[in-house]
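Since every read-out is calculated from the coordinates, none of them should be taken as a lab result. Keep in mind the model is a prediction, meaning the values are calculated, not measured. Note that we place each Cβ from the backbone using ideal geometry, even for glycine, and neighbour counts take in every protein chain shown.
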Amino acid sequence: MQALTLAQARIVIDAALAAARRQGFKAMAVVVVDAAAQVVTSAREDGASALRLDIALGKAAAGVGMGVNTRVLAQRAKDLPAFFGAIASAAQQKFVPQTGAVLITAADGTVLGAAGASGGSGDEDEQICIAGIAAAGLTHA
């Protein structure tokens, strides 16, 4: 089985933050997790507020935990708020079902991990994750 490497995760982070700078987004934090939602690497830009890494991790872990990008989870959370509140309180990992994390997949669709970001709008967070994943030569869901 293919695994996400530290070298690949670092490229994702660096490219995601570079994309944020090119677009003029606010200071960001980005986290890359593996298929077990464990942190591979993370970075918080100067000026990013204190909770940005926690939020980015919660998004990435939620995506891996539920097997979908967090854009999908955000809509599901609107439709089933009690259920998603229960997951957030029962989960052993952080769980933030908001737009801004994207699954990293193998060619066969197997989930290798996720990239999560926080600092901009959900759309901006998602956009830089996709840019980072592409720069690392990886695919996303």
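3J(HN,Hα) along segment 32-37: 10, 10, 8, 5, 9, 6 Hz, from the Karplus curve 6.51 cos²θ - 1.76 cosθ + 1.60 with θ = phi - 60°, whole Hz, x for Gly and Pro. Summarising the overall dimensions of segment 25-102 from its C-alpha atoms, the Rg and Dmax are 12.3, 36 angstrom.
Report summary: the helix-based calculation at 222 nm, which adds -39500 (n - 2.57) for every DSSP H run with n ≥ 4 and divides by the residues of the chain, gives -15000 deg cm²/dmol. Were the residues from Gln92 through Arg22 laid out at 0.36 nm apart, the gain over their Cα-Cα distance would be 21.6 nm. The gain in end-to-end length when the Asp123 to Leu51 segment is fully stretched comes to 24.1 nm, 0.36 nm per residue minus the alpha carbon separation.
Ordered by the number of other Cβ atoms lying within 10 Å of each residue's own Cβ, fewest first, Phe83, Phe95 fall into the sequence Phe83, Phe95.
Taking Cα centre as origin and charging only the Cβ of basic (Lys, Arg, +1) and acidic (Asp, Glu, -1) residues, the dipole magnitude of segment 6-140 rounds to 160 debye.
If R0 is 25 Å, the Cβ-Cβ spacing of Ile130 and Thr110 corresponds to a FRET efficiency of close to 0.85.
A Förster radius of 25 Å, combined with the Cβ-Cβ distance separating Phe83 from Thr139, puts the computed FRET efficiency at roughly 0.25. If you wrap the tightest convex hull around every Cα atom of segment 6-140 and split its volume per residue, you get 90 Å³. Comparing mean-square fluctuations of Ala20, Ala61, Ala114 from a GNM of the chain with C-alpha springs under 10 Å, the top value falls on Ala20.
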